[in-house]
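Asks: What follows is a single structure, and I will ask about it in a moment.
The values are calculated or read from the model by the stated rules, or taken from the named source; none is laboratory data. Given the structure is predicted, the values throughout are model-derived calculations rather than measurements. In this analysis, Cβ positions are derived from the backbone assuming ideal geometry, glycine residues included, and neighbour counts consider all displayed protein chains.
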Amino acid sequence: MFVEVDERGAKRLLARHPWVWQGMLRRAPQDPGFYPVTHRGRFLALALFNPGTELAVRAYAWEEADPWAAWLKNLRAALQRREADRAARPQGGRRLVHAEGDFLPGLVVDEYAGHLVVQIGAAALEARRAALVEALVEALGPRGVLLKNDARGRRQEGLPLYVEAAYGEVPERLWVEEGPVWLPVRPWQGQKTGAFLDQRENRLFAGSLAERIRPARALDVFGYQGGFALHVARHAGEVWVVDASEAALRVAKEAAEKNRLSNLRTLEANAFDFLKREARRGPAYDLVVLDPPSFARKRADLERAYAAYKEINLRAMRLLRPGGYLLTASCSHHLGEEAFLAMLKEAAGDARRAFRLVARRGQAADHPVLVNVPETGYLKFAVLEAVD
Ligand SMILES: C[S@@+](CC[C@H](N)C(=O)[O-])C[C@H]1O[C@@H](n2cnc3c(N)ncnc32)[C@H](O)[C@@H]1O
């Protein structure tokens with residue numbers, strides 16, 4: 001059995017973009033699965049296929065082979081790329097599999113101090129989950145494997161939402177070593193796989209910056225479990241974590257204790273309201289982190305999202321004392337790097353303040369970006385210094 005695509009689908013696959021849409025299919029099997037993809041009978045790629053989704057084909061290999069064997073080969077290659085890091089940081093957190101970025105569409109695997117959290121986002125792969133877990137256990141010898149299959153996107157694949165341990169034990173709460181900080185992770189209940197590993201290198205950067213500038217007052221807005229704040233608080237007078245999630249803030253407080261940081265405080269609030277209120281009081285902070293959730297989950301949301309990003313950045317800019325730093329992120333793929341910088345330019349202009357662009361950063365290196373697949377790169381991170 002195979003999937004036959006039209007001219008447009010073939011063009012995409014030949015350019016090494018893995019996605020082919022339902023409307024570009026000529027002939028296809030009735031069931032989800034791992035299949036060869038052809039054009040006019042000629043082999044093009046191996047792909048995950050789902051007849052029931054708009055995004056029907058997600059390719060992962062461009063050489064003819066047994067589809068499952070080729071998938072396992074890509075898995076082994078992804079794990080091998082992280083081998084040195086695993087050996088160097090056994091108590092750390094890392095992404096082991098970054099879906100299309102590792103030629104493994106539909107799969108995310110994060111590791112937290114020897115525990116694996118797996119997210120499956122494709123019906124074809126769900127059917128092979130026992131074999132997948134077996135392969136992971138054999139290759140990595142983890143303490144436990146959690147299937148955190150509760151992302152809403154699974155519904156489009158026709159898959160149920162659930163969270164269950166598939167091997168060994170995975171605790172409700174665990175700690176990973178992130179440089180000098182113990183970072184909290186809640187694999188079962190937390191957002192994403194329990195922590196935001198894509199910001200790992202940026203959190204370390206924030207810690208080094210704080211060590212250099214020694215902020216008297218700092219803010220971590222949309223702070224979740226205090227990831228950035230924990231790094232900054234080691235070198236700051238006082239740091240406030242602001243988030244709408246009471247559960248996340250409770251963990252942030254626990255983390256402050258675990259890291260022996262008595263200067264980390266939490267505030268449960270809507271960040272938009274908080275920033276508006278606080279900005280009226282004028283410049284009072286030396287360092288502000290803004291790490292909002294994605295405001296544009298689809299392209300149609302972009303205009304509204306742009307305005308929202310601008311609003312929070314403008315207000316954060318007003319909060320900074322001269323010489324202060326804004327560390328600002330967007331994890332929306334739809335807001336590209338250029339638009340992100342244009343938004344910051346507009347926000348700075350409206351705030352009537354000048355900022356130096358000190359650094360432009362992105363997602364952690366274990367979240368690889370493919371040039372052919374811009375969708376694999378989503379996190380923008382800018383470091384701005386208030387120069388007046
Ligand atoms: C991308 S996460 C932040 C991750 C965090 N910086 C870290 O490094 O672990 C975004 C956070 O924003 C919070 N959030 C979403 N909407 C919010 C709102 N309107 N006001 C305050 N917090 C919000 C979520 O609860 C979530 O914790």
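Asks: So which strands (runs of 3 or more DSSP E) are wholly in region 155-269 and hold at least 3 residues that are within 13 Å of the ligand (Cβ to nearest atom)?
Replies: On the way: elements: 162-168, 174-178, 181-185, 217-221, 238-243, 264-268.
Correct list: 181-185, 217-221, 238-243, 264-268.
Asks: How about region 246-286: which of its residues are without any contact (Cβ under 8 Å) to a residue 60 or more places away in the chain, in contact with a helix residue (DSSP H, G or I) (Cβ under 9 Å, 6 or more places away or on another chain) and among the polar types (S, T, N, Q)?
Replies: Passing the criteria: SER262, ASN263, THR266.
Asks: Kindly establish whether LYS298 is surrounded by fewer than 15 Cβ atoms within 10 Å (Cβ to Cβ), assigned by TED's automatic domain parsing to the domain that holds GLU338 and at pLDDT 95 or above.
Replies: Numbers: surrounded by fewer than 15 Cβ atoms within 10 Å (Cβ to Cβ): yes; assigned by TED's automatic domain parsing to the domain that holds GLU338: yes; at pLDDT 95 or above: no.
Judged against the criteria, LYS298 is not a match.
Asks: While we're looking at this one, here's another question. Determine, yes or no, whether PRO283 is at pLDDT below 95, touching a strand residue (DSSP E or B) at 6+ places or on another chain (Cβ under 8 Å) and assigned by TED's automatic domain parsing to the domain that holds LYS345.
Replies: Numbers: at pLDDT below 95: yes; touching a strand residue (DSSP E or B) at 6+ places or on another chain (Cβ under 8 Å): yes; assigned by TED's automatic domain parsing to the domain that holds LYS345: yes.
When the stated conditions are applied, PRO283 passes them.
Asks: Count, please, the residues in region 1-48 that happen to be out of contact with any Pro (no Cβ under 9 Å at 6 or more places or on another chain), part of a helix (DSSP H, G or I) and among the charged types (D, E, K, R).
Replies: 3
Asks: Evaluate region 119-126: report whether one residue or more is over 24 Å from ALA247 (Cα atoms), touching a residue at least 24 places away in the same chain (Cβ under 8 Å) and in a strand (DSSP E or B). Spell out how you get there, then give the answer.
Replies: Let us first name the residues in region 119-126 that are over 24 Å from ALA247 (Cα atoms), namely 120-126.
Narrowing further to those that are touching a residue at least 24 places away in the same chain (Cβ under 8 Å): 120-126.
Those still in the list that are in a strand (DSSP E or B) too: 120.
Among the residues of region 119-126, at least one is over 24 Å from ALA247 (Cα atoms), touching a residue at least 24 places away in the same chain (Cβ under 8 Å) and in a strand (DSSP E or B), which makes the answer yes.
Asks: Counting just the residues of region 311-341 that are without any contact (Cβ under 8 Å) to a residue 40 or more places away in the chain and over 17 Å from GLY362 (Cα atoms), which one comes out farthest from the ligand (Cβ to nearest atom)?
Replies: The extreme case among them is ARG318.
Asks: Restricting attention to region 81-91, does a residue exist that is polar (S, T, N, Q), in a strand (DSSP E or B), touching a residue at least 40 places away in the same chain (Cβ under 8 Å) and in contact with a strand residue (DSSP E or B) (Cβ under 6 Å, 6 or more places away or on another chain)? First the steps, then the outcome.
Replies: Here is the first cut: in region 81-91, the ones polar (S, T, N, Q) are 91.
Next, only the ones that are in a strand (DSSP E or B) stay: none.
No, the conditions are met nowhere in region 81-91.
Per-residue answers, yes or no, for (1) of a type in the set (Asp, Glu); (2) crowded, with 20+ Cβ neighbours inside 10 Å; (3) in contact with a Cys (Cβ under 8 Å, 6 or more places away or on another chain); (4) over 30 Å from PHE49 (Cβ atoms):
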{"site": "GLU169", "(1), (2), (3), (4)": "yes, no, no, yes"}
{"site": "VAL181", "(1), (2), (3), (4)": "no, yes, no, yes"}
{"site": "LEU204", "(1), (2), (3), (4)": "no, no, no, yes"}
{"site": "VAL221", "(1), (2), (3), (4)": "no, yes, no, yes"}
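So that you can scan it fast, the table gives a plain yes or no per residue for (1) at pLDDT 95 or above; (2) touching an Asp or Glu at 6+ places or on another chain (Cβ under 7 Å); (3) in the same structural domain as ALA165 (by TED's automatic domain parsing); (4) of a type outside the set (Lys, Arg):
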position	(1), (2), (3), (4)
ARG94	yes, yes, yes, no
GLY106	yes, no, yes, yes
GLU111	yes, no, yes, yes
HIS115	yes, no, yes, yes
ILE120	yes, yes, yes, yes
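Asks: With GLU164, GLU238 as the choices, which residue is at pLDDT 95 or above, under 20 Å from LEU327 (Cβ atoms) and either not assigned by TED's automatic domain parsing to the domain that holds PHE381 or not hydrophobic (A, V, I, L, M, F, W, C) (or both)?
Replies: Of GLU164, GLU238, the one residue that is at pLDDT 95 or above, under 20 Å from LEU327 (Cβ atoms) and either not assigned by TED's automatic domain parsing to the domain that holds PHE381 or not hydrophobic (A, V, I, L, M, F, W, C) (or both) is GLU238.
Asks: Out of the residues in region 42-80 that are touching a residue at least 24 places away in the same chain (Cβ under 8 Å) and out of contact with any strand residue (DSSP E or B) (no Cβ under 9 Å at 6 or more places or on another chain), which is farthest from GLU178 (Cα to Cα)?
Replies: Looking at residues that are touching a residue at least 24 places away in the same chain (Cβ under 8 Å) and out of contact with any strand residue (DSSP E or B) (no Cβ under 9 Å at 6 or more places or on another chain), I get GLY52.
Asks: Name the residues in region 33-78 that are under 16 Å from LYS11 (Cβ atoms) and among the polar types (S, T, N, Q), would you?
Replies: Correct list: THR38 only.
Asks: For region 270-289, which positions are more than 10 Å from the ligand (Cβ to nearest atom) and of a type outside the set (D, E, K, R)? Write out each step before concluding.
Replies: At the first step, the residues of region 270-289 found to be more than 10 Å from the ligand (Cβ to nearest atom) are 276-288.
Matches in region 270-289: ALA279, GLY282, PRO283, ALA284, TYR285, LEU287, VAL288.
Asks: Also, quick follow-up: Residue check, ALA45 against (1) more than 24 Å from the chain's Cα centre (by Cα); (2) crowded, with 20+ Cβ neighbours inside 10 Å; (3) more than 18 Å from HIS17 (Cβ to Cβ), all met but one. Which one?
Replies: (3)
Asks: Return the pairs, sorted by first residue and then second, in which the second residue is in a loop (DSSP other than H, G, I, E, B) and aliphatic (A, V, I, L, M), the first residue lies in region 222-236 and is farther than 15 Å from THR328 by Cα, the beta carbons are less than 7 Å apart, and the residues are 6+ apart or on different chains.
Replies: Cβ pairs passing all conditions: LEU230/LEU261; ALA233/LEU261; ARG234/LEU261.
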